[in-house]
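A quick write-up on the structure given underneath.
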Amino acid sequence: MNPACQARHSADATSRGNAVFPVTSDCLSLLDDRVIDPLGEVTVEDLPDRGTESGWGISGATPLLEKLCRCAFFDLKSNLVENETGRYLAAGGRGKGWSGIIFPRDLAYAGLLGLNRIVPDWMEDCLRISRRARLAAGMRVDANHFHPDLPFIREEESAVRPEERFRTHTTARGTDDVLWLWWAADLFALHGDTRENQQWLYETGLRCFQEIYDHFYDPGTGLYRGQNSFVDIADNGYPSSFGRETVEAKRNCLMIRPASTNCLYYKGLSVMAEAAARLDKPDAGIWRHRADALKQAIREQLITPEGTVAYFMHEDGQLEPRQHCLASALAVSVEVVEGEEAVRALETYPVTWWGVPLLHPFYENGDCHHNNTAWPFCDAFFLRAREKAFGVDETVRELALLARTCRGGTFREYTNAFTKGPMGKEAQLWTLAPLLGRCHMRGWIRRE
């Protein structure tokens, strides 16, 4: 901590008395009534009064965290969509940010970070609706995402774009869709671990692999191709040589082998193996073998000699010389690396007062979306992976980073690495989810 920040924190802690939470890192402090960073403060008085939350009791936390939870519940409910498709949660923007598009990835990460515990009924609706939408869309894409070198991706013949027809993005923009299996397994383990649910999971997973995921498997490396998890194709989170927003750029982003997405495939295959075994399916051993083979391929080809997790492997087999905080976190979380290997995977990755940089190092350009940013939901995954690897409690730091994104009383999408301030649409589902999840795990949020 630099001297100015040290002096500032000491004065604040002394004058305000009950510092329930200490300094977390550098200039970031979480006190009982405010979070402090070099940009200023977010205080209890700054946050809007969202009233009480029906069905949930919020008590035992600090005044700041209790009010943040009420803001999070308000944002959560504002994303509830009910239309002819059914009842589901939007990804942000108070249910209007993307015209009611279903984002399976956002829903899955939000569920894993806390919403599976908080609103299990809503999350099960989201899970089943997202599966219907994804399987209906299949491998159809619009003309902007079609490439003749990828014959398994079919150009949609309808004049209506797939996003409008199926109310979800195409698989070409969601090659990490296999994440839903982890989401479903976690949800059912917490609520509804029945044979009927396991049967649905197994049968739906089998269809997804046969109709979608198996197309992305690369037998030459034993890895899966596709975009990095949530880093959208042809966006600024890829090398400039890939190009931007062209058919060729989108092809390049689909032909790489990303560490994050492959870790999700390993988890998905493991979930399929467990479901098949519980249902006494004859292919349980095959799923287990596929999972183990993929884990070995990741360890041999996507872990650097220094023990860090590579961002992705290029089409020519070369590793991209940078890291992705979500890939590193997922490798530890799903136990692709364990013990001392997990420590090495995370120990050199920077953690700052404004978040965990999404890429390390960033690409050398001024773009700010998937480059030059930190994403609070990725911060949460990374800090929880650090807990697993190092045996430390990162609750304080995670809550402080989430609290500072709530300037204006709503949870924002990402943090700008240049200004260090929150940006993007309001009421972000996967930003509010870890705050509610952490507080629930600490017993501060309880069913009434």
**Residue-span extension gain [GLN318 to THR85] - 0.36 nm each, minus C-alpha spacing** = 79.6 nm
**Asked** Across the range 313-320, in residue order, what do the Karplus-derived ³J(HN,Hα) couplings come to in whole Hz, using 6.51 cos²θ - 1.76 cosθ + 1.60 with θ = phi - 60° and x for Gly and Pro?
**Response** 9, 5, 4, 7, x, 7, 8, 5
**Request:** Using only Cα atoms, tell me the angle between helix 63-78 and the longest principal axis of the chain; keep it within 0 to 90° and round to the nearest 10.
**Result:** 40 degrees
**Asked** What accessible area per residue comes out for the chain, rounded to a whole number of Å², with a 1.4 Å probe?
**Response** 37 Å²
**Complete:** From highest to lowest solvent-accessible area (probe 1.4 Å; ligands, DNA and RNA excluded), SER29, SER158, SER241 read SER241, SER158, SER29
**Prompt:** Using 1/(1 + (r/R0)^6) with R0 = 22 angstrom and r between the beta carbons of THR246 and ARG165, what's the FRET efficiency to the nearest 0.05?
**Reply:** 0.40
**Asked** For helix 195-211, what angle does its Cα long axis make with the longest principal axis of the chain, in degrees from 0 to 90 and rounded to 10?
**Response** 60 degrees
**Item:** Segment LEU190-ARG207, extension gain: residue separation times 0.36 nm, minus the distance between their alpha carbons
**Value:** 3.7 nm
**Sequence-distant lysines (8 or more away, or on other chains) whose Cα lies within less than 23 Å of LYS388** = LYS267, LYS295
**Request:** With just the Cα atoms of the chain, tell me how far they stretch along each of the three principal axes, in Å, largest first.
**Result:** 66, 47, 44
**Request:** Pop out the ³J(HN,Hα) list for the range 153-164 in order, Karplus 6.51 cos²θ - 1.76 cosθ + 1.60 with θ = phi - 60°, rounded to Hz; leave Gly and Pro as x.
**Result:** 8, 9, 6, 5, 7, 5, 6, 8, 4, x, 4, 7
**Protection-proxy order for peptides 414-420, 31-37, 143-149, 107-113, each taking the mean of Cβ atoms within 10 Å per residue, highest first** = 107-113, 31-37, 414-420, 143-149
**Request:** Quote the relative contact order of the range 100-221 in percent (integer), defining contacts as alpha-carbon pairs under 8 Å separated by 6+ residues.
**Result:** 32 percent
**Message:** Principal axis extents for the range 30-113, Cα atoms only, whole Å, descending order, please.
**Reply:** 44, 32, 23
**Prompt:** What do you get when you divide the Cα radius of gyration of the range 310-448 by 2.2 N^0.38 Å, with N the number of residues?
**Reply:** 1.09
**Sparse-neighbourhood loop sites, GluC sites (Glu not before Pro) in the range 285-383 - DSSP loop, at most 10 other Cβ within 10 angstrom** = GLU306, GLU364
**Request:** Starting from the Cα of LYS67, draw a straight line to each of the lysines and keep only those under 19 Å, dropping any in the same chain fewer than 8 residues away.
**Result:** LYS77
**Message:** Given points 7 Å out from each Cα along the Cα-Cβ axis, report the ASN365 to VAL343 separation in nanometres with one decimal.
**Reply:** 3.9 nm
**Request:** Quote the FRET efficiency, to the nearest 0.05, computed for ARG446 versus ASP218 with a Förster distance R0 of 51 Å and r equal to the Cβ-Cβ distance.
**Result:** 0.60
**Förster-model FRET efficiency, 25 Å R0, LEU39 and ARG94, C-beta, rounded to 0.05** = 0.55
**Request:** Report Rg(Cα)/(2.2 N^0.38 Å) for the range 49-202, keeping two decimals.
**Result:** 1.18
**Prompt:** If we restrict to alpha carbons, what Rg and Dmax does the range 240-392 come to, in Å?
**Reply:** 16.6, 54
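The values are calculated or read from the model by the stated rules, or taken from the named source; none is laboratory data. For clarity, every value in this text was computed on a predicted model and none was experimentally measured. Using ideal geometry, Cβ is built from the backbone for each residue, glycine included, and neighbour counts are taken over all protein chains shown. Just the protein is used for accessible areas: all its heavy atoms, side chains included, with ligands, DNA and RNA removed. Shrake-Rupley method; radii C 1.70, N 1.55, O 1.52, S 1.80 Å.
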